[in-house]
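Notes follow the structure.
The values are calculated or read from the model by the stated rules, or taken from the named source; none is laboratory data. Note that the structure is predicted; figures quoted are calculated from it, not measured. So basically every Cβ, Gly included, is an ideal-geometry build from the backbone, and we count neighbours across all protein chains shown.
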Amino acid sequence: MPKIVDADERLATIHEAVFRLVERGGVPAASLRNVANEAGLNVGSVRHYVGSHTELLRGAVGRLQERVTARLLRHADGLRADVAATRRGEIAIDMLEELVPLDAERRQEAALWQAFLEHARVHDDIGGLATEMAGGIREFTGRLLAAAGVSATAVPAEALACVLDGLAVATLHDPAAYDRRRVRAILRWQLTRTLT
């Protein structure tokens, strides 16, 4: 009797292999053959689930976005209007902090994010993803500020997104200088000025 394979599980295995390879050696390391070896599969099986190398990369970026979004959504219920304003402010900081590489999972995500962004800048095989990735951060900061009562969110959302971008890069490259307390202080300072 043939073994029944769960397609979602197999894709998750493939995408996790992509993540490990990209984290260690950048996007060029994530060839179909390398991904197959890393995932313990044959190349034909990888192709069956992802199609082309471009679709492999697009799928991995999508899974990365899903991971981050799921973490952000765990906090979202705390932004309801019936939650005390001071508590909503701390929840907003918690959500912003989710995008800063303060632990192993978020460090991996930030390294992947940077690698995919750089790849998209110079290669058109995943064209449009860099804009989509950056746009997602701006959409998130805009929604966060709108939930806090900011009416004209475009410029403040962009400023907050730029702070997140800078913190992510700084924390990824010099984690000793950016512990959780310092990151939260920076985020709180920026959010307070944005809301006043």
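State whether the residues of region 84-98 include one that is of a type in the set (A, V, I, L, M) and surrounded by fewer than 13 Cβ atoms within 10 Å (Cβ to Cβ).
yes
Scanning region 48-68 for residues that are surrounded by fewer than 16 Cβ atoms within 10 Å (Cβ to Cβ), free of Cβ contacts under 8 Å to residues at least 40 places away in the same chain and in a helix (DSSP H, G or I) yields His48, Glu55, Gly62, Glu66. Exactly one residue out of Thr141, Thr192, Thr196 is among the hydroxyl-bearing types (Ser, Thr, Tyr), touching a Leu at 6+ places or on another chain (Cβ under 7 Å) and more than 19 Å from Gly26 (Cα to Cα): that is Thr141.
Pick out the one residue from Arg10, Arg71 that is surrounded by fewer than 17 Cβ atoms within 10 Å (Cβ to Cβ) and in a helix (DSSP H, G or I).
Exactly one of Arg10, Arg71 is surrounded by fewer than 17 Cβ atoms within 10 Å (Cβ to Cβ) and in a helix (DSSP H, G or I), namely Arg71.
Being within 21 Å of the chain's Cα centre (by Cα), modelled with pLDDT under 95 and among the acidic types (Asp, Glu) is a description that applies to Asp94. Each residue in region 100-146 was checked for being outside any helix (DSSP H, G or I), surrounded by 14 or more Cβ atoms within 10 Å (Cβ to Cβ) and modelled with pLDDT of 90 or more, and 3 pass. Each residue in region 1-51 was checked for being closer than 17 Å to Phe116 by Cβ and of a type in the set (Lys, Arg), and 2 pass.
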